[in-house]
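Below is one structure; the comments refer to it alone.
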Amino acid sequence: MSNLLFDEYPLIVSAKLAEIIGLNEAIFIQQLHYWIKKDGKERDGKKWIYKSIKEWQEEDFAFWSDSTIKRIISSLNSSGLIEQSNYNKAGFDKTKWYTINYTNLQSVTNRIGQNDLTHGSDCTDGAGQVELTNTRDYTETTTENNNTTLGHTPMTKTEKEKQLRDDFEKLWKLYPKKEDKERAFKAYKKAIGEGVTNKQIQTGIVGYRRQIEIERKERKFVKTGGNWFSGKLWENDFSSFMPQHREAIQPTDVEEHEIVDDNYDWGELDGLHE
């Protein structure tokens, strides 16, 4: 018997949810749902769980780095699918509390006619079971990414380079300070190779634009595109700058004609690049 198989309960995730919001995000939010059901603490009419990034990594996601967990949390936060707060009695305790915005999650699933994805996969004994069937490759792979995604013919090197450039141009159009473009592209290309998705970068740009707007930053204090992409600043937490009651995953802070289509199926492209 392979030592890669196990008798303990592995993680569980809905293939359809992974298709909608991304595999990493679906894995995290499903595990958060499990802990809320199991050990949730009532605060302000909602059930929350509290964990440090280190605890998430050690207890749930040993296969992810701390930075990847932070990036996933930031992505879900910016999308309005999870919420964070601090109900700790000790002022020095900065451990964050987490809950799921089930209303926003439902609105996402309703848009494609899929209802109540998380509740259908409850597991009462342990963390559940991963069901990675028919999902696109959103995982944190690097050089091991397959060149073939379900239903796709492998792309040539020239085609991949063109696709990378086309995807980057969509994001560059959205970025507020278009300077140092080639440096930004090199950083973007490297990030995609490390498993970052276009969707994550787009969400970060939208969050940063809103921060600039709310803080009324002078242009000289806005980071150039080269610095922003090289610094992987899409990993920052922009949730405090996002509207609290907006429809999930809907970047409302950008003029409509400037938005990289939020319904654009980045998933068809994410995972095709090396």
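Every number in this text was worked out from the coordinates using simple rules, so none of it is lab data. Every value quoted in this text rests on a predicted model; they were computed, and no experiment measured them. Methodologically, a virtual Cβ is constructed for each residue, glycine included, from the backbone with ideal geometry; neighbour enumeration extends over all protein chains shown.
A few comments on the model shown:
- From most to least packed by mean Cβ count within 10 Å, the peptides 216-224, 191-199 give 191-199, 216-224.
- Calculated diffusion of the stretch 1-102, Stokes-Einstein form, Kirkwood radius summed over Cα pairs, 37 °C and 0.692 mPa s, µm²/s: 225 µm²/s
- If the segment from R183 to D66 were pulled out straight at 0.36 nm per residue, it would be longer than the present Cα-Cα gap by 39.5 nm.
- Distance (nanometres) between label positions extended 7 Å along Cα→Cβ at S240 and E42: 3.0 nm
- Put in line by how crowded their Cβ is, counting other Cβ atoms within 10 Å and starting with the fewest, Y50, Y98 read Y50, Y98.
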